[in-house]
Structure formats: C-alpha cells, structure tokens
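Below you'll find the structure, written out as structure tokens, and then a few comments.
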Amino acid sequence: MDTTALVQGYMNKYHSLVKEKDDMDIVGVINNLNEAIRNSDMQRANEAYSKVLGWNFKVANMQGECDSLNKHIHGQKLPSVDMFAVAYDDFEKVWKFNA
C-alpha cells in the first residue's frame, strides 16, 4: 500500500471538492433554500434541498475516506471536509455550513 499515493489522492479530491463548492455555488443554494422557506415557496425549497442532499452525500463520503486514512496511516492528519457539510441550525432557524 503506497501511503503517499493514498494521501495525494485524497488531497486531490479535497481540492476538487473545494472547487466544486464554488462551481456549484453552494452558498447560493443555501441562500435560496433559506429564502424559499421564508417565502413558503415549497417547489424552490425542494429543489434547493435536493441539491443540498447531493452535496452532503459527497461531503460525507469524503469525510469517511478522511477518517479511514487518518486512522490507518499513522503520522498523517488529513484535512476534514466536515466544515463543508450543510446543516440546519435549530437556534438560528436557518440552513448553513457546519463550520
């Protein structure tokens, strides 16, 4: 098992996810979701929520890979992608990044 290749592969995926966050305009999707909910526009809210679910699925899969690599490759601390997950803040009553 080539740990250098595994780490480099993860880091390539990490950078791709960061780029995809911007390309997909996830911030805009979150804003659309919150606005649609405020305006009771369920069709728009459902469309935005569907995008959030797809995004969170990608983030969760990458976080699982990160956790696995960090557990099995001693001395490595790969960056987490948890901060890119979108979650509902029950206190502020809005959807936002997990960070």
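The values are calculated or read from the model by the stated rules, or taken from the named source; none is laboratory data. This is a predicted model, so every value here is computed, not measured. In this analysis, Cβ positions are derived from the backbone assuming ideal geometry, glycine residues included, and neighbour counts consider all displayed protein chains. Accessible surface is based on the protein model in full, side chains and every heavy atom, while ligands, DNA and RNA are left aside. Shrake-Rupley method; radii C 1.70, N 1.55, O 1.52, S 1.80 Å.
Pairs exceeding 23 Å between alpha-carbon atoms, taken from K51/K96; K21/K71; K51/K71; K13/K93: K21/K71; K51/K71; K13/K93. Centroid-to-centroid, using Cα positions, the range 62-80 and the range 11-59 are 25 Å apart. Of the trypsin sites (Lys or Arg not before Pro) found in the range 47-89, the ones in coil according to DSSP and having at most 16 other Cβ atoms within 10 Å of their Cβ are K77. The residues of the chain expose on average 65 square angstrom of accessible surface per residue, using a 1.4 Å probe on protein heavy atoms. Among the GluC sites (Glu not before Pro) within the chain, those in coil by DSSP and having at most 14 neighbouring Cβ atoms inside 10 Å are E92. Taking all Cα pairs closer than 8 Å and separated by 6 or more residues, the relative contact order of the chain comes to 24 percent.
Taking a ≥ b ≥ c as the square roots of the eigenvalues of the Cα gyration tensor of the chain, is the shape rounded (a/c under 1.5), prolate (a/b larger than b/c) or oblate? Prolate. On the chain, 54 percent of the accessible area sits on carbon and sulfur atoms, based on a 1.4 Å probe.
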